[in-house]
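Scroll down for the structure; my scribbles are underneath it.
The values are calculated or read from the model by the stated rules, or taken from the named source; none is laboratory data. Treat the numbers as computed from the prediction; the structure is a model and nothing was measured. A quick note on method: Cβ atoms are made from the backbone with ideal geometry, for glycine too, and the neighbour counts reach across all protein chains shown. Accessible surface is based on the protein model in full, side chains and every heavy atom, while ligands, DNA and RNA are left aside. Shrake-Rupley method; radii C 1.70, N 1.55, O 1.52, S 1.80 Å.
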Amino acid sequence: FNQWAFNKGDAFEIFLRPCQQPAYFEFHLTPFNQLLQLRFPSAEKFRAMTKVPGWDDECLVYEPRLESRATIAAEENRWEVVAAIPFSFVVEEGKVEDGSRWLFSFSRYDHTRSLSEPTLSSSSPHDLCSFHRQEEWGTLTFREN
């Protein structure tokens, strides 16, 4: 739990930020059910950080909040993950109601191939190779049924 796995193997990354708050969250999930949970006070604070180990004290979320399960389909050369993230964990200001908007990005950091550099992919059309560029994230809009 909360170990850096993205530079050692394959990791699926979830980025979420309710638009009404500056804080956002990053979750890493691996094929072996490892979980990393991070909370950044703001995009500006993230940009001011100089190295990953510096995130430990301030940004790690020490209590497991995300529920997930990964399964490996080795014969098909793939893996799948299911995750459940409580709204109450991500929303720090206000609540989720009809019309609430969140920024999101789903990304993959695959360091398992025999390449010198990892394969990076994302649901966001990043101009630069940085998953934290929120100006390129998608928008979720919540609607009541």
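Looking only at region 83-90, decide whether some residue is farther than 18 Å from residue 40 by Cα and out of contact with any Lys or Arg (no Cβ under 6 Å at 6 or more places or on another chain).
Yes, there is a match, as at least one residue in region 83-90 is farther than 18 Å from residue 40 by Cα and out of contact with any Lys or Arg (no Cβ under 6 Å at 6 or more places or on another chain).
Here are the criteria: (1) open to solvent by less than 20 Å² (accessible area, probe 1.4 Å); (2) under 20 Å from residue 65 (Cβ atoms). Tell me which single one residue 9 does not satisfy.
The one condition residue 9 does not meet is (2).
Identify all residues within region 12-30 that are more than 8 Å from the chain's Cα centre (by Cα) and open to solvent by less than 20 Å² (accessible area, probe 1.4 Å); write none if there are none.
18, 21, 23, 24, 29, 30
Between 108, 69, 78, which is open to solvent by 50 Å² or more (accessible area, probe 1.4 Å) and within 13 Å of the chain's Cα centre (by Cα)?
Criteria check complete, one pass: 108.
Yes/no per residue for (1) more than 15 Å from residue 15 (Cα to Cα); (2) of a type in the set (A, V, I, L, M, F, W, C):
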| residue | (1), (2) |
| --- | --- |
| 77 | yes, no |
| 80 | yes, no |
| 96 | yes, yes |
| 101 | no, no |
| 108 | no, no |
| 125 | no, no |
| 128 | yes, yes |
| 144 | yes, no |
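Only one of 29, 16, 36 is among the aliphatic types (A, V, I, L, M), at pLDDT 90 or above and over 22 Å from residue 118 (Cα atoms). Can you tell me which?
Exactly one of 29, 16, 36 is among the aliphatic types (A, V, I, L, M), at pLDDT 90 or above and over 22 Å from residue 118 (Cα atoms), namely 16.
Among the residues of region 46-88 satisfying the criterion of being at pLDDT 85 or above and basic (Lys, Arg), which is farthest from residue 104 (Cα to Cα)?
The selected residue is 78.
Between residues in region 21-39 that are farther than 20 Å from residue 135 by Cβ and without any contact (Cβ under 8 Å) to a residue 60 or more places away in the chain and residues that are of a type in the set (Gly, Ala, Ser) and open to solvent by 20 Å² or more (accessible area, probe 1.4 Å), which pairs lie under 6 Å by C-beta distance while being six or more apart or on different chains?
The qualifying pairs are 29/68.
For region 121-145, what are the residues that are in a helix (DSSP H, G or I) and touching a helix residue (DSSP H, G or I) at 6+ places or on another chain (Cβ under 7 Å)?
134
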